[in-house]
Structures are given as C-alpha cells and as structure tokens.
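A.B. asks: I'd like to ask some things about the structure below.
Only the coordinates and a few stated rules stand behind these numbers; no lab work does. For clarity, every value in this text was computed on a predicted model and none was experimentally measured. Cβ coordinates were reconstructed from backbone atoms using ideal geometry, including for glycine residues, and neighbour counts include every protein chain displayed.
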Amino acid sequence: MDFGVVELTDEARAFWAELREFLDEQLTDDLRAAVHVAGSDFYEPFQRAMGARGWLMPHWGTDEGGAALDPVRRHILALELSRQAAPINIIDTTAIGAEAVKAWGSDELRAEVLPGVTSGAIRICLGYTEPDAGSDLAAVRTRAVRAGDDWIIKGSKMFTTGAQVSQFSFLLARTNTEVAKHKGLTMFLVPLDDPGVSVGPIETLGGERTNVVYYGDVRITDKYRLGPVDGGWSVLSAPLDEEHGIGTANGQGLGEINGQGAWHNRSLQRIFAAAHRWAVTPDADGDAPIDEQATAARLAQVAMDIEVARSTPGAMGRVVAAELLIQDAADLIDLAAPDSLIARGESGAVEDGTFEWGHRFAPGSAIYGGTVEIQRNIIAQRFLGLPRPLMPSASKQSDPGKG
Amino acid sequence: MTESPPLRRNDYALSADQRALAEAFEEFFRKECPSSRVRDAEATGFDAGLWTDLCRLGAVSMAVGDPAAGGRASLVDLTLVAEPYGRYLAPLPLIESIVAAHMLERLGTAPATEWLHRLAEASCVVAVALSPVQAGRRQLVPAGAIADAVLCHDGAELVLFEPARPLAHVRNQACAPLARLDATGPAGARTVLAHGPAAVALMARARQEWKLLTAAALAGLAAGAVELGIDFAKSRHAFGAPIGTFQAIAHSLVDAAAGAAGSRHLTWKAAWFSEHEPASAEALVPMAYLHSIRSAVRATAVGVHVQGGFGFTRDSDEQLYFRRAKGWPLVYGDPNHELSVIADAIRNGWAPQMTA
C-alpha cells in the first residue's frame, strides 16, 4: 500500500518538462475555441503533433511509431493531458481500433493503417451502438454479408463520435443470423471514404457532437476483417471489459482502481475545482460563500464524493463515479445559482460556465460505454454471484455474458 | 498553466504480511464469534471469554508493540483487525482499547505505563470519553459500562478516572456497553495525566483514531450485512425464480456492495495517510468515517428489506447488523458533523488530487 509521492528520475523529470512545454505551445486559445465549436474533442494539428512525438501510442516501440514510454512516463503523459483537458477523445478511440488491428490484422493491413495511426493522419471511430441496439449490444443488426472474397456492410451506427474526422470505423457487424446473437458477430475496420458511407451530425445535451453513420452496401475486402468470422464478440470484449472496468489492475500502483469511473471522476474533480474557486472568492463586502457553513458542508460533500469514487474498485467504481457526478453537478449548479445558468462565453458566466456545462454533461456518464444498469447486472452476476435473470429472448439464444 | 502537482502512487494493495494478518483475524472471528455469541452477549454487550481469547492473539498489544520483537502494528494493520471485528459484530471493547493503549503509550508516564501493561494483558478495560467533559452533560462513553477506568478531557486536563463502582449500563439500540460519565458523579480516583495543549493534542488524535478504526469496523459490518442479503437472494424463490434475479433486488445489493468495497478502500487510504502524511488525514479520516457509516446503514437497510418479513424479525441476523450500523458510530453524535470537519480541512488547504 503506497499513496506517496513518486521519486522521479532525471529522465522522467525532463520528460515532464518537455511535455509541459509541448502542451503550452499546442493548447492555444485557437485550439480551445475550435474544439469547443467542433465538439468532438479533436484537433488535427494537435493529433499530428502528438504523433510526431510518438505519443499517440506511447507504449508501442519507437520502430512501431510509438515512444516506448515506461509506465511512469506513460502515466505522466496521461495525467498532464487530462489535467490540461487536451483533446484526446479521438486519440483514445483510435487507440482501441489500432490495438485490434495490431492484434488481428494481416501484415498488409497493419502496414496500411498503423503508420497513419501513429502519425495522427489516420483516425478510427467506434461503430458499436445502433439506433436499436445500445445496451443490448450483442443484438446489433448491421450486416456484413459475404460476397466472394469481399464483404458487403449494410446498416447504421449511432453515437459514432469522430466519424466526420475519421478514416475508419472499428465496426461490429452481424455475420450469422442462425446462431445465438453474440456468436454471430464479426469485427471489421471499415474505410469511411466509401461512397456508401454517409455521416449525419447529432448534437448532445452535453455539447459533444456525435454522429449517425449509414452504411449503404459498403464493399470491403476480407483484409478489413479483424479476428475470426463469428468471433467478433471476443475481439470486442477486451476493450469493452476495459471500458466496464473489468480488467487487470495497474501493476505499478500508479493508475486509478475505479475503471471507467476515473474518467467521470476527472469531470467531477474539474467541477469541484471550479466550485472551490468560486466558494473562496470574496464579494465586494469581503464575504465568501465558503464562510456560510451550509455552503462549506456541500463543498465538503463533493470533495468526499471524489474520494469515495476513487476508492470504489472496478465496475462498481464506474457506477458510483457516474452517479455521484450527476448528483454533484446538479448540486453545484444549485449552489452557484442563478449565475451558474449562464454559459461559457456569455457575459456574467461563473467560472467560465463550468457548472452550466457540468449539469448538461453529467447524465451521459451513466449511459456512455454501457448504462449503469447493465453494469449493475454484470456486477451482480460476475462479482456477487447472483443468479442470471431469464430474459424474454433467452429461449432462443444463450446469455451474452458467457464466452 | 499552473505548476503540476507531484506524481503520486495510488496503490491499495496489501503486503503478504498484511494479507496474513487479515486472514488470521478473519478466521478467529468467524470461528469464535458466530451470531449466537453476539446474541448471548446482548444483555451486557460484552463477552469476557472472547475478549481474553482475542487479547491472547495480541490484538491490543500489537498496537503498542515491542521494539525488540520488531515493532508495532501500523494504523493500516489495525484496520485489518477492526474489519473482521466489525464483520462478525464482536461484543468486545477492541477499538476503545486500541485507542486507550495508544494514548497511554504516548503519555509515557509511570501511571500511564502501568495502566497500559494491565490493558495489554486484558486484566483491565480502559475506555475513552470522546467529547470534552461538560458541566450538566453526562456523555455516553463507549465501553463505559465495562471500564475500570475512563480517559477524559476535563477542562484543561487529561484525566484518568477510576469510578468506585462500575458506571451504570445505559441500554441502547446496539446493545453496546455504554455508560454515562458524570464528572461530578460517582466517587472515584482522578489522576491527571496531561494538561494544556498536550491534553488537547492527545484527545484530538484519540478521536481521529477512534473514527478511523470505527470506519474499518463499519466497512466490515457492511460487507457482512451485504453477504446475508446476497445469500438470501440466491436461495429465496418467488414467482418461479430466485429473487436475486429481480433487478430491483440485485441492483440494491450491488449498490450496498459498492458502498462496502469503497469504504474498505477509503479507510485503508485514510489509515495510510494518518501514518505517513497526517495533514491529509484531517480530510480523509472524517471522509472514511462518514462513508463507512452511510455504507453500513445502507447495507443493513437493504439487507433487512431484501429479506422481507423474515428480515424484519428478531430471528434474522440482519437486524443485529442494522442496529449496530447506527449504534456504534452515533455514540459520537450526528455523523453529518463530519462535513464541517472536512470543510475545515479544505479551508486549511487540503484539496482532492487531479487524477489521470
């Protein structure tokens, strides 16, 4: 057990200084404005600049386009990018697709895709969820039909953030309708420059721009299949389990223990920091909100929730972090009301509109990457040993939880 | 951009020694403290035979340790003993004794050391009054009804008070051996052990440790409470299925389990900081304490509810947990007061870390 400060080597210190200098140069007001407007947490010059340093896949070897970063420097990189709210969403989705290409792709596919991934020229978005299948992901209906040596992709995907700036989609498709639903799926890397692909924007409550993507008879060669035919659920599950917080713990004692909860907890930390600044700022009479005991207690509650969410492990940590974020974002917009209602950029906005944003952004945390209800089902069955419920479709197909 | 905060580890893992310690005491309490023993002791809140056996294992003496034998148990180690104590609801003054032992050891004077030796060999029980003595207020003291002496903060003095007769047992929801301390009351011997700032500091640290170890006990209690609910949900059938298959029931148990797991880890973290970086413990100990209380309360409420009519009877073990989830911490007053303590720590400069 160790929560102490890490003694850094000179190399690690130098790396951190280099990184801070890099981010000072890159994270300009122009970048912030462009990212805010475009809404996909993506900025191409930044992605390419990261790529030039090997920092898009930082743990890959330098011969693979990575930077061969050891765990400490990898952690420093993640910490600083997060602390400075660098636009990394599409970097992250690309990394998921890239790992699958590395693990399952042919030499030809790897040569075609990976250098572009590591340079920042190629981005990959995630084609999982559909208009009619989100939580019940194994029920996806986008089809991949064999046509000679090729496949024809037909269907639609929902909430494909970054599709408008990506070259490929890492896509889950149905290749077999005769077997149990999760046994008839295959993963593909689908080029998005095909004329059959059309991308339609969707604005979210939280301000993110995402997309619906239609695949109208998109023809791809078998080169773009990732993993075994009908074996897609396993290919997908490794990153999904990672998303659900059901993976191996960080061996260095550096990372968070709460799985996807770390991402939501970061948002809560950001809102708390703004609330703390707001609370200690005195008005013209010299009175600060924190002087009022009720206000101080509410702030204390949020600080405590941050620690609680950090200390709750794995998949449970994700559920707790998401729900505390939602609850506390709602409470903090109340605390700083009415000026908390004014958005960033408008005259009179409090703390750059953080509370206004936080309240709109928070609900997504209990939905994205699998709803907290699905998570609770997984926890109940896999961790508490509770029996599986009999679903209406169970008579036709076996449970997606197994193999 | 402001200076980056230092890089910290976030390693909750127990060492091999700590795992062995936890397992040893888990086994002791599991074997020696079944719920029947808890029920049998409810009249007094104390099982003397079990206390002797536990002290023989070194549960109190390890808190002060023997430098020649390789040192003392850390606060993290002590939470690993307090957890199974809480899980099995042991009717023993374990936490009170560890807190008293630490105080007596820190005092180091002859009378304190003499009491410490007797305490460590279980030939006496020393309780600690958690609040300062106030005229006209007779505070409830945990383990007061079985105590040979009570350490209390009276005015500017830290006093060891030996009542001439045992303090009267006040029956309470947890069936704990509570008694009222009356500064002007029953005759007894008063020994002043410290005064002024030293007395204040000793009591503050004692309160902090009591909260930390109570947090650990409640984390264990919560885990035990959830386990009862899970077992019931697996075996009880309704509408043709085990009731654990119904989402409302499964989800309520998941949330209770999440509280238990989180409070366990947060208590370890608070213990680590208490040992290594006490300034941060000013925020983390009250957080761990409050979260453990809320988790225990929720776990026992869910546990009773999931077991339906049976859960609501005195025959259910869950009701033993339910009464102690509140009973153990509330002797120190309203838990929500801890939010003020946390707020003070924030005002004094503590802030949560920005993580990756």
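A.B. asks: Taking a 27 Å limit on the Cα-Cα distance, which of the listed pairs B:31/B:234; A:157/B:234; A:157/A:181; A:102/A:183; A:102/A:154; B:31/B:269 fall beyond it?
C.D. replies: Pairs exceeding the cut-off: A:157/B:234; B:31/B:269.
A.B. asks: Could you list which residues have their amide H under 5 Å from that of residue B:154, counting only those 5 or more apart in sequence or on another chain, with H placed in the peptide plane?
C.D. replies: Counting only residues 5 or more places away or on other chains, the set is B:133, B:159.
A.B. asks: Further question on the same structure: Using the number of other C-beta atoms within 10 angstrom as an exposure proxy, rank A:63, B:154 with the fewest first.
C.D. replies: A:63, B:154
A.B. asks: Roughly how large, in nm² to one decimal, is the mean projection of the convex hull of the alpha-carbon atoms in region A:289-403?
C.D. replies: 10.1
A.B. asks: OK, next. Just grab the label-to-label distance for residue B:353 and residue B:198, each label 7 Å out from Cα along the Cβ direction, in nm (one decimal).
C.D. replies: So the two model labels end up 3.7 nm from each other.
A.B. asks: Efficiency by 1/(1 + (r/R0)^6): what FRET value for residue B:113 and residue B:164, r their Cβ-Cβ distance, R0 = 25 Å, to the nearest 0.05?
C.D. replies: 0.60
A.B. asks: Then there's this: Can you compute log10 of I(q)/I(0) for the protein assembly as shown with the Debye formula, treating each Cα as one identical point scatterer, at q = 0.09 Å⁻¹?
C.D. replies: Scattering profile of the protein assembly as shown, log10 relative to I(0): -0.91.
A.B. asks: Next question, about the same structure. Over the alpha-carbon set of region B:18-128, work out the extent along each principal axis and list the three values in angstrom, largest first.
C.D. replies: Its Cα atoms span 41, 33, 19 Å along the three principal axes.
A.B. asks: Step through the residues of region B:268-277 one at a time and calculate ³J(HN,Hα) from phi using the Karplus curve (6.51 cos²θ - 1.76 cosθ + 1.60, θ = phi - 60°), rounding each to whole Hz and writing x for Gly and Pro.
C.D. replies: Here the 3J(HN,Hα) series is 4, 4, 4, 5, 4, 5, 4, 6, 9, 9 Hz.
A.B. asks: Tell me, in nm to one decimal, what length is gained between residue A:63 and residue A:17 on full extension, where the rule is 0.36 nm per residue of separation less the Cα-Cα distance?
C.D. replies: Length difference between fully extended and current span is 14.1 nm.
A.B. asks: Then there's this: Using per-residue counts of other Cβ atoms within 10 Å, averaged over each peptide, order B:240-248, A:20-28 from highest down.
C.D. replies: B:240-248, A:20-28
A.B. asks: So, one more: In nm, give the distance between the simple-model label positions of residue B:305 and residue A:9, each being 7 Å from the Cα along the Cα-to-Cβ direction.
C.D. replies: Distance between label points: 5.3 nm.
A.B. asks: Using only alpha carbon pairs under 8 Å that are at least six residues apart, calculate the relative contact order of region A:269-392 and give it in whole percent.
C.D. replies: 21
A.B. asks: If amide hydrogens are placed 1.01 Å from N in the peptide plane, which non-local residues have theirs closer than 5 Å to the one on residue B:14?
C.D. replies: none
A.B. asks: Each residue of region A:216-229 in turn: what ³J(HN,Hα) in whole Hz from Karplus with 6.51, -1.76, 1.60 and θ = phi - 60°, glycine and Pro shown as x?
C.D. replies: x, 6, 7, 9, 10, 7, 5, 3, 8, 7, 10, x, x, 4
A.B. asks: Kyte-Doolittle mean at least -0.5 and Cα extent at least 15 Å along the axis: which DSSP H helices of chain A qualify?
C.D. replies: Helices meeting the span and hydropathy rule in chain A are A:71-83, A:89-104, A:107-119, A:232-244, A:261-280, A:293-311, A:314-335.
A.B. asks: What FRET efficiency comes out for the pair residue A:111/residue B:39, r = Cβ-Cβ distance, R0 = 51 Å, nearest 0.05?
C.D. replies: 0.10
A.B. asks: Okay, next question. Between residue B:149 and residues 5 or more places away or on another chain, which pairs have amide H atoms under 5 Å apart, with H built 1.01 Å from N, and which residues are they?
C.D. replies: Amide H to amide H, under 5 Å and 5 or more residues apart or across chains, residue B:149 pairs with B:125, B:127.
A.B. asks: Shifting gears a bit: Specify whether the C-alpha gyration tensor of chain B places it in the rounded, prolate or oblate class, a ≥ b ≥ c being the square roots of the eigenvalues: rounded for a/c under 1.5, otherwise prolate if a/b is larger than b/c and oblate if not.
C.D. replies: Oblate.
A.B. asks: In deg cm²/dmol and to the nearest 500, what is the mean residue ellipticity at 222 nm of the protein assembly as shown if only DSSP H runs of at least 4 residues count, each as -39500 (n - 2.57), divided by the residue total?
C.D. replies: -16000 deg cm²/dmol
A.B. asks: Also, I was wondering about something else. When the Karplus curve 6.51 cos²θ - 1.76 cosθ + 1.60 is applied with θ = phi - 60°, which whole-Hz ³J(HN,Hα) does each residue of region A:127-137 get, with x for Gly and Pro?
C.D. replies: x, 10, 4, 10, x, 10, 8, x, 4, 8, 4
A.B. asks: Moving on to the next point. Which residue, A:264, A:182, A:276, has the most motion in a Gaussian network model of chain A that connects Cα atoms within less than 10 Å?
C.D. replies: A:276
A.B. asks: Based on Cα positions only, what radius of gyration and what Dmax would you give for region A:1-135, in angstroms?
C.D. replies: Final numbers for Rg and Dmax: 16.3, 53 Å.
A.B. asks: OK, next. Take every Cα pair under 8 Å in region A:40-112 that's 6+ residues apart, average their separations, divide by the length, and report that relative contact order as a whole percent.
C.D. replies: Relative contact order of region A:40-112: 28 percent.
A.B. asks: Taking a quarter of the surface of the convex hull around the Cα atoms of chain A, what do you get in nm²?
C.D. replies: 22.3
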